[in-house]
Protein chains: 2
Amino acid sequence: MIRNNLSSSLLSDAVDELSALPGIGRKSALRFALHILKQPKENVERFGRSIIRMREEIRYCSVCNMISDTPVCPICSDRKRDRTVVCIVESIRDVISIENTGEYRGLYHVLGGIISPIDGVSPSDLSIDSLVKRLEDSETEEVFMALSTTMEGETTAYYLYKKIARFNLRVSTIARGVGFGDELEYTDEVTLGRSITNRQPFMPVNQ
Amino acid sequence: MIRNNLSSSLLSDAVDELSALPGIGRKSALRFALHILKQPKENVERFGRSIIRMREEIRYCSVCNMISDTPVCPICSDRKRDRTVVCIVESIRDVISIENTGEYRGLYHVLGGIISPIDGVSPSDLSIDSLVKRLEDSETEEVFMALSTTMEGETTAYYLYKKIARFNLRVSTIARGVGFGDELEYTDEVTLGRSITNRQPFMPVNQ
């Protein structure tokens, strides 16, 4: 319906492409397209080219699989980071989220997914062999598993735990508990139950 | 903060560009970029090129100013449409919205904006001269003003009304009233007041 009413195949094509972005319907795609039509040609050219270039030229770090412009990413090459801890995450986005907290100074290992029989993702689809190889000849002392607190996350964590047991490393996982700003009343029972079992020493903060 | 943590200038550049889309913050832009990275190269190339091409090659109808791939747009060239009515709208998007209702079969004239002293938009910035010229030598019998029901919309409507008075055409405007599905309780007083003054004959609909 909308397609025929756009009165221009150039506009229709662009709207089709933009509506393939995640969470973007045809209405938002049309809004994007009409906004783009109002921009100077050079800006639109730069917009389109930067996206094509990103996809064409992106590289992944040969150590941790993070996105990188160089063979080894800035985090893996940073000598000031704590090289004794490797944080295992599902995706690139998780690295960005953890970096944004400013609370972690170790290294990473991006699995590229999570074990999920339902979605047909088995351990061999993930970069687990490269992790094991990496742990064999590195200064790692602790493996910190920052995986989702879902069934798939727990399965993956357990699989990895077994896989790396022979290295005798300290294995940690992100703390589970009641989220910051959450009300107890609305916290699910499993989370609340675990946060009681794993209760922590109270640390007063100066306001 | 996020910028430095993206670990790739290719990714940062793409996120910068994507976050310039209307209503898109850096978090959504990053989601778009990571989604794009997972697509086949050909698709991303087509995505980028379709946007650049739209901006480069888009044309506007010489009659009504609507977006068009041809010198005269499909609506203006459609001999089956009612050529005695011209609907005046602010923007391309309004044409698309009205076409989507399927309730209008006449022609259009896109002003390219609305008179707004606050935003520095004066009548000379809009395609009013071309409208007047168009009305001079056309088969138009009715001018239908489908402008926003804002102060600027009313101002523009009044200005146009004065400007085209000498043609002795029928001048109409979109019906104002309580929106479909609106509750009276939450309707503002001006709208409710006008919808009482302009009450219409009740037309029973077979359910």
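Only the coordinates and a few stated rules stand behind these numbers; no lab work does. Everything numeric in this text was worked out from a predicted model, so none of it was measured. Virtual Cβ from ideal backbone geometry, glycine too; neighbours counted across all protein chains shown.
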Alpha-carbon Rg with Dmax, taken over the range B:23-107, Å: 17.9, 52
Taking placed amide H atoms and a strict 5 Å upper bound, the residues 5 or more places from A:Ser172 or on another chain that come that close are A:Val143, A:Phe144, A:Met145
Report, as an integer, the average count of C-beta atoms from other chains found within 10 Å of each Cβ along B:194-200. 0
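Take the Cα atoms of the range A:11-50, build their convex hull, and give its volume per residue in Å³. Let's see the in-between values first.
Working: hull volume 2.6 nm³, N = 40.
With only Cα atoms used, the range A:11-50 gives 65 Å³ per residue.
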Shielding by partners for A:83-95, please: the mean number of other protein chain Cβ atoms within 10 Å of each residue's Cβ. 1
For A:Tyr60, list long-range residues whose amide hydrogen, built 1.01 Å from N in the peptide plane, is under 5 Å from its own amide hydrogen. A:Ser68
In nm, one decimal, shortest first: how far is the label point of A:Thr173 (7 Å from Cα along Cα to beta carbon) from the matching points in the other copies? 6.6
Cross-link list A:Lys27/B:Lys133; A:Lys163/B:Lys38; A:Lys80/B:Lys27; A:Lys163/B:Lys41: which exceed 32 angstrom alpha carbon to alpha carbon? A:Lys27/B:Lys133; A:Lys163/B:Lys41
Based on Cα coordinates alone, diagonalise the gyration tensor for the protein assembly as shown, multiply each eigenvalue by 5, take square roots, and list the semi-axes in whole Å, largest first. 57, 27, 19
Using θ = phi - 60° and the Karplus relation 6.51 cos²θ - 1.76 cosθ + 1.60, list the HN-Hα couplings for the range B:122-138 in order, rounded to whole Hz, with x at every Gly or Pro. 9, x, 5, 7, 9, 7, 8, 4, 5, 5, 4, 4, 5, 6, 4, 10, 9
Centroid-to-centroid separation of the range B:99-147 and the range A:69-83 [C-alpha atoms, Å]: 59
Send over the Kirkwood Rh of the range B:141-201, from the inverse of the averaged 1/r over different Cα pairs, rounded to one decimal Å. 13.2
Where does chain B land on the Kirkwood hydrodynamic radius, alpha-carbon pairs, in angstrom? 20.9
Give the chain A residue with the shortest beta-carbon distance to the rotation axis relating chain A to chain B, plus that distance as a whole number of Å. A:Gly48, 2
If one takes the longest principal axis of the Cα atoms in chain B, at what angle in degrees, from 0 to 90 and to the nearest 10, does the Cα axis of helix B:151-163 lie? 50
Quick one: Debye curve from the C-alpha atoms of the range A:53-167, no solvent, what's log10 I(q)/I(0) at q = 0.11, 0.16 Å⁻¹? -0.35, -0.75
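For chain A, what is the percent of antiparallel DSSP beta bridges, rounded to the nearest 5?
On the way: 3 of 15 bridges.
Within chain A, antiparallel bridges account for around 20 percent of the total.
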